[in-house]
Structures are given as C-alpha cells and as structure tokens.
Amino acid sequence: MIPEITQRLLAAKKEMKLSFADLEKILGRDEVWIAAVIYRQASASEEEATKLVEALGLGAAYAKELTQYPVKGLGPVVPTDPLIYRFYEIMQVYGMPLKEVIHEKFGDGIMSAIDFTLDVEKEEDPKGDRVKVVMNGKFLPYKKW
C-alpha cells in the first residue's frame with residue numbers, strides 16, 4: 001500500500017513535469033535517495049524537505065511529514081510488482097553465490113545498508129538498453145566477544 005503522502009508527492013512531481021534527476025539537481029542529493037524519501041523509506045532534514053515540497057509546488061505541511069522517521073521495508077509478503085519481484089528473484093538465485101564471493105573477499109560479515117549508496121544508470125545497447133544498478137555499502141565484519 002502506497003502512503004497517501006507518497007501518492008500526493010508523486011502526483012505533484014508529475015504535474016510539475018519533474019524527473020527524479022531534476023529533483024537531484026535542485027536538492028543536491030541522489031535521485032534514488034530522493035525517491036526513497038518520497039516513498040517514506042528515508043527521512044529528510046527540514047531544509048531538504050522544504051526544498052523538495054517547494055520544488056513540487058506543495059505547502060510546508062508536507063515537509064514536516066518528510067522529516068519523520070520512516071517505517072522501512074516492503075512488509076512480510078513476496079512483492080508482486082514485476083520490477084520489484086525481479087530483484088527478489090535475483091536474490092533467490094544469486095543470493096548465496098553473492099554471499100560466498102563477498103565472504104571470500106572480505107571475511108565473515110555483511111554489507112551495510114546504512115553506510116550505503118545505490119545508483120541506477122542507463123546503458124544504451126543496440127540489442128536493448130541495459131539497466132545498471134550499483135550498490136556500494138561499507139563492509140561490516142561480525143564482532144567476536
């Protein structure tokens with residue numbers, strides 16, 4: 001279920017004919033992070049929230065909600081949206097191999113999703129454009145005690 005504020009922000013973005021890349025230029029933050037704020041998966045500072053709602057032509061009341069701590073995650077069910085499900089499927093197929101390769105290179109630990117960036121790039125290809133997703137997270141070794 002998409003939160004009501006997300007629906008309103010996305011409608012305003014569409015009305016203003018702005019892309020996430022346009023908002024990146026206005027806010028000075030990455031387009032994926034801005035989308036996460038709009039979808040309430042991240043919170044903005046007061047300054048960031050104000051810039052965002054002003055760019056979308058919305059009132060200050062929306063900015064306050066964007067500074068609140070979000071509830072993260074998709075919930076306990078398998079996602080049904082085809083694009084989101086594809087990432088779930090990628091982890092089902094490549095999750096264990098990816099885990100093994102990371103352990104071989106770094107040791108026993110995890111990749112941070114807090115000290116983390118995510119970039120989406122478009123690579124033009126004559127056989128069909130390619131989606132390039134770059135995840136960059138700090139390695140966190142498991143602590144011994």
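The values are calculated or read from the model by the stated rules, or taken from the named source; none is laboratory data. These numbers come from a predicted model, not from an experiment. No Cβ is skipped: glycine too gets one built from the backbone with ideal geometry, and neighbour counts run over all protein chains shown.
Data table
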quantity	calculated
Members of the range 82-120 found to be in contact (Cβ under 8 Å) with a residue 12 or more places away in the chain and of a type in the set (Ser, Thr, Tyr), listed by number	Ser112, Thr117
Matching residues in the range 127-143 - criterion: being free of Cβ contacts under 8 Å to residues at least 12 places away in the same chain and closer than 18 Å to Ser112 by Cα	Lys143
The range 37-49 residues that are assigned by TED's automatic domain parsing to the domain that holds Phe20, paired with ones that are of a type in the set (S, T, N, Q) and part of a helix (DSSP H, G or I) (beta carbon under 9 Å, 6 or more apart)	Ile38/Thr6; Tyr39/Thr6; Arg40/Thr6; Ala44/Thr50
Some residue of the range 47-68 being part of a loop (DSSP other than H, G, I, E, B), closer than 18 Å to Met135 by Cβ, within 19 Å of the chain's Cα centre (by Cα) and at pLDDT 95 or above	no
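Residue-wise test of (1) farther than 17 Å from Leu10 by Cβ; (2) assigned to a helix (DSSP H, G or I); (3) out of contact with any strand residue (DSSP E or B) (no Cβ under 6 Å at 6 or more places or on another chain).
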{"residue": "Lys72", "(1), (2), (3)": "yes, no, yes"}
{"residue": "Val78", "(1), (2), (3)": "yes, no, yes"}
{"residue": "Val93", "(1), (2), (3)": "yes, yes, yes"}
{"residue": "Met96", "(1), (2), (3)": "yes, yes, yes"}
{"residue": "Ala113", "(1), (2), (3)": "yes, no, yes"}
{"residue": "Glu121", "(1), (2), (3)": "yes, no, no"}
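Listed here are the residues, each with its yes/no results for (1) in the same structural domain as Ser43 (by TED's automatic domain parsing); (2) surrounded by 10 or more Cβ atoms within 10 Å (Cβ to Cβ); (3) among the charged types (D, E, K, R).
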position: Phe106; (1), (2), (3): no, yes, no
position: Met111; (1), (2), (3): no, yes, no
position: Thr117; (1), (2), (3): no, yes, no
position: Glu124; (1), (2), (3): no, no, yes
position: Arg130; (1), (2), (3): no, yes, yes
position: Met135; (1), (2), (3): no, yes, no
